[in-house]
1. Using only Cα atoms, locate the centre of segment 173-192 and the centre of segment 6-47, then give the distance between them in Å, rounded to an integer.
2. Can you give the relative contact order of segment 97-192 as a percent, counting alpha carbon pairs under 8 Å and 6+ residues apart?
3. In segment 77-124, what GluC sites (Glu not before Pro) fall in a loop by DSSP, with at most 16 other Cβ atoms inside 10 Å?
4. Using Cα pairs under 8 angstrom and six or more residues apart, how large is the relative contact order of the chain, in percent?
5. Taking only C-alpha pairs under 8 Å that are 6+ residues apart, what is the relative contact order of segment 77-120 in percent?
6. I'd like the trypsin sites (Lys or Arg not before Pro) in segment 73-136 restricted to DSSP loop residues with at most 11 other Cβ atoms within 10 Å, sorted by number.
7. Could you report the chain's accessible area per residue, 1.4 Å probe, as an integer in Å²?
8. At a 1.4 Å probe, what is the % contribution of carbon and sulfur to the accessible area of segment 58-192?
Amino acid sequence: MTEEINPGKLLVRVAPILDELKIGYFITGGFAISVWGRPRATFDVDIVVHLVEPKVAPLAKALRKISEFGYIDEDAAREAIDRLGEFNFIDPETGVKVDFWIMKKTPAGRSEFERRIIKKIDGQEVSFISPEDLVLNKLLWYQKSLSSRHLEDAESVLKISGEKLDKKYLKLWAKKLGVADVLTKLLKGNKP
């Protein structure tokens with residue numbers, strides 16, 4: 001019998017593994033939206049990692065200890081490092097998937113890592129993407145896909161975390177990333 005789908009439960013087991021192996025990381029995607037914006041259903045965990053090839057085997061071994069039938073493809077992880085893509089770990093007991101995204105080797109990618117914020121989830125310290133960088137990422141995804149979900153996520157973070165956001169940083173990086181027009185409209189309460 002499978003447990004209730006609860007990405008947070010898996011996250012608090014994966015985060016200490018990354019810490020122990022000294023793999024830099026931060027949580028992004030739907031789980032981060034629930035932290036910085038409005039709560040929303042998500043059935044996976046998106047984690048950006050600064051992973052190097054020698055850490056793939058120890059990471060896979062540690063993740064497999066979470067669940068006897070946990071699935072991770074080490075070759076897919078190595079390919080993800082080479083192409084700056086993603087690979088995943090699937091926990092069949094909970095039905096939750098962890099998508100590991102390799103850190104972007106760009107000034108924006110480095111800035112995201114420098115600006116990570118620690119939050120406690122069920123007593124476990126977990127690194128999260130900053131709300132500003134989350135908005136910027138959502139605007140980039142919106143620009144690529146035109147999916148209203150990404151726009152709604154960005155709006156949610158702007159609304160819920162709005163007063164706490166570093167607007168100067170947001171505007172600077174929005175310009176650098178080519179999403180300034182969309183951000184300006186959202187900040188004024190308009191739809192792009």
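The values are calculated or read from the model by the stated rules, or taken from the named source; none is laboratory data. A quick note: this is a predicted structure, and the numbers were derived from the prediction, not measured. Don't worry about glycine lacking a Cβ; one is built from the backbone with ideal geometry, like all the others, and counts go over all protein chains shown. Calculation scope for accessible area: heavy atoms of the full protein, side chains included, ligands and nucleic acids excluded. Shrake-Rupley method; radii C 1.70, N 1.55, O 1.52, S 1.80 Å.
1. What the calculation gives is 26 Å, centre to centre.
2. After rounding, I find 20 percent.
3. Listed in order of number, the matching sites are Glu93.
4. 21 percent
5. Relative contact order, segment 77-120: 28 percent.
6. Qualifying residues, ordered by number: Lys105.
7. Counting only protein heavy atoms, the per-residue value for the chain is 53 Å².
8. After summing per-atom areas, the C and S share lands at 51 percent.
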